[in-house]
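What follows is a set of notes on a single structure, which appears directly below.
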Amino acid sequence: MEERKGYISPFSTRYASEEMQYVFSNDFKFQTWRKLWVSLAKSEKKLGLDITDEQIAELEAHVNDINYDIAEERERIVRHDVMSHVYAYGQQCPKAAGIIHLGATSCYVGDNTDVIILREASKIILKKAAQVLSNLKAFVLKYKDLPCLAYTHLQPAQLTTVGKRATLWMNELVMDVENLVYQMDNLKLLGQKGTTGTQASFMDLFGGDEAKVKELEKLIANDMGFEACVPVSGQTYSRKVDSYFLSVLSGFAQSAYKFSNDLRILQSFEEIEEPFEKSQIGSSAMPYKRNPMRSERISSLARYVIVDSINPGLTAGTQWFERTLDDSANKRVSVAEAFLAVDAILNIYINISSNLVVYENVIRRRVMEKLPFMATENIMMEAVKRGGNRQELHEAIRVHSQAAAYEVKMNGKPNDLIDRLVADPMFNLKKEDIEKELDPAKYTGRASSQVVEFITEFVDPLLKKYQGEEITATLKV
């Protein structure tokens, strides 16, 4: 088939949702252009320009039925996308053709649409991030009391709980949501600033009436759902805005990357697994394998986003004076693909977090293998109570621990540290005395309470604001 002979983005076929793809589609873009032209005409009419209700009605009637064939043919002739669409719109609206784009420059539709796209794409990200938090909330509350090994330097350290560890994933996602909300709250429309940002053409249209030019901008901003336009600009909105948003998206990627890597390691430990479907094949050569392919895909896409987030910063720094055009090709790829990739990442994150598989017996076995080492301080204190010397006991525990660890690692034997301590008269302890100190719950500190406090104080308020209908993510491939 013809479509198989050309490049098609994997974001379209494998990764990003139709919802996010639509925000970056031609239909959304060019319909928004037309909405902006309608808003401009209505606002100019309201402020006294010679524009009729009939002309506006004609424009409104053709916002959605874009005559792409005419626009594309015209662009081949004039090599200008905005003027091609002005022409095509005018062909459908002959009575209004003369007032379309009146006083505006190309960035009136191009940049204002890009700002609107940032807003609408961010809404999707917020909604999906909230669903991940909701899924993980259920998980952490279910497993808030289940002790597990905690690690520093990827070496067993002390204990935490399965639920408490998952709050670390959630906390980073909460930070990302808060950061994105801040950027959305401070996002402003470009408005109609003219070719160099001075609004000279609009001053001409309104006979030098500054109040009307300022009011025009307020009317358009409100019409498009914004509280305000940027106070000053060149021809474009500052490209730092793109940099800010992609920095936030990089944050989402980083958070998901950490989650996916943690889960890949936990799956290697056989403690927790991502969902594995009944007919899923883990390996073409090794039928028994259960590869963490979803987590691996998150890791892969996350790296792309983190690197891609550098693009807008470089673009922002190279915008000469009031504008240059070396931003255009870069931003239309980098911004779109960052959102599409994070959308894909969150789809996978939703899918995984909705059905994590926890192997409690494996977790307990691994805890109990290491717990004798972690309990040595408590054991030492108990021996001190019975007349032992703290410094001498400390040295004895060090020697016994090293010997027990050697047998485990070199000879594959069980951890016999407890038996060694019982046999050492210096400790003056029976086995049952020591075993009383081997309750994992004694070593998880405030983990369970921290989970409840975190959910109540930080997660629930965000979910109340941003969670909508439940989202379930079925992966395309």
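Numbers at a glance
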| item | result |
| --- | --- |
| Filter result for Glu210 (of a type in the set (D, E, K, R), under 27 Å from Phe321 (Cβ atoms) and touching a strand residue (DSSP E or B) at 6+ places or on another chain (Cβ under 6 Å)) | no |
| For Thr195: the one exception among (1) surrounded by fewer than 20 Cβ atoms within 10 Å (Cβ to Cβ); (2) in the same structural domain as Lys137 (by TED's automatic domain parsing) | (2) |
| Leading residue by the ranking (nearest to Leu216 (Cα to Cα)) among those in segment 101-112 that are among the hydrophobic types (A, V, I, L, M, F, W, C) and either assigned to a helix (DSSP H, G or I) or touching an Asp or Glu at 6+ places or on another chain (Cβ under 9 Å) (or both) | Leu102 |
| Flag if Asn347 is in a helix (DSSP H, G or I), at pLDDT 95 or above and not acidic (Asp, Glu) | yes |
| Qualifying residue in segment 196-214 (condition: under 33 Å from the mean Cα position of the chain (by Cα), farther than 27 Å from Gln131 by Cα and outside any loop (DSSP other than H, G, I, E, B)) | no |
| Sole residue being at negative phi and surrounded by fewer than 22 Cβ atoms within 10 Å (Cβ to Cβ), chosen from Val140, Val174, Val162, Val109 | Val174 |
| Filter pass, Cys107 being over 28 Å from Leu346 (Cα atoms) and under 33 Å from the mean Cα position of the chain (by Cα) | yes |
| Segment 352-375 - residue that is among the polar types (S, T, N, Q) and surrounded by fewer than 20 Cβ atoms within 10 Å (Cβ to Cβ) and, of those, nearest to the chain's Cα centre (by Cα) | Ser354 |
| Residue list for segment 333-370, filter: over 30 Å from Asp416 (Cα atoms) and free of Cβ contacts under 8 Å to residues at least 60 places away in the same chain | Val333 |
| Matching entry among Ile418, Ile471 (being hydrophobic (A, V, I, L, M, F, W, C), under 46 Å from the mean Cα position of the chain (by Cα) and at pLDDT below 95) | Ile471 |
| Within segment 258-275, tally of residues that are part of a helix (DSSP H, G or I) and crowded, with 22+ Cβ neighbours inside 10 Å | 4 |
| Residue within segment 438-451 that is over 30 Å from Ser134 (Cα atoms) and more than 35 Å from the chain's Cα centre (by Cα) present | yes |
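One line per residue, one yes/no per condition, for (1) touching a Leu at 6+ places or on another chain (Cβ under 9 Å); (2) outside the structural domain of Ala256 (by TED's automatic domain parsing); (3) under 21 Å from Gln267 (Cβ atoms):
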{"site": "Arg332", "(1), (2), (3)": "no, no, no"}
{"site": "Glu337", "(1), (2), (3)": "no, no, no"}
{"site": "Ala341", "(1), (2), (3)": "yes, no, no"}
{"site": "Tyr349", "(1), (2), (3)": "yes, no, yes"}
{"site": "Ile363", "(1), (2), (3)": "yes, yes, yes"}
{"site": "Met368", "(1), (2), (3)": "yes, yes, yes"}
{"site": "Leu371", "(1), (2), (3)": "yes, yes, no"}
{"site": "Arg386", "(1), (2), (3)": "yes, yes, no"}
{"site": "Ile397", "(1), (2), (3)": "yes, yes, no"}
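Results for (1) at pLDDT 95 or above; (2) among the hydrophobic types (A, V, I, L, M, F, W, C); (3) out of contact with any Asp or Glu (no Cβ under 7 Å at 6 or more places or on another chain), shown as yes or no for each residue.
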| position | (1), (2), (3) |
| --- | --- |
| Met1 | no, yes, yes |
| Ile8 | no, yes, yes |
| Arg14 | no, no, yes |
| Met20 | yes, yes, no |
| Lys46 | yes, no, yes |
| Ile56 | yes, yes, yes |
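The values are calculated or read from the model by the stated rules, or taken from the named source; none is laboratory data. Since we're looking at a predicted model, the values are computed, not measured. In this analysis, Cβ positions are derived from the backbone assuming ideal geometry, glycine residues included, and neighbour counts consider all displayed protein chains.
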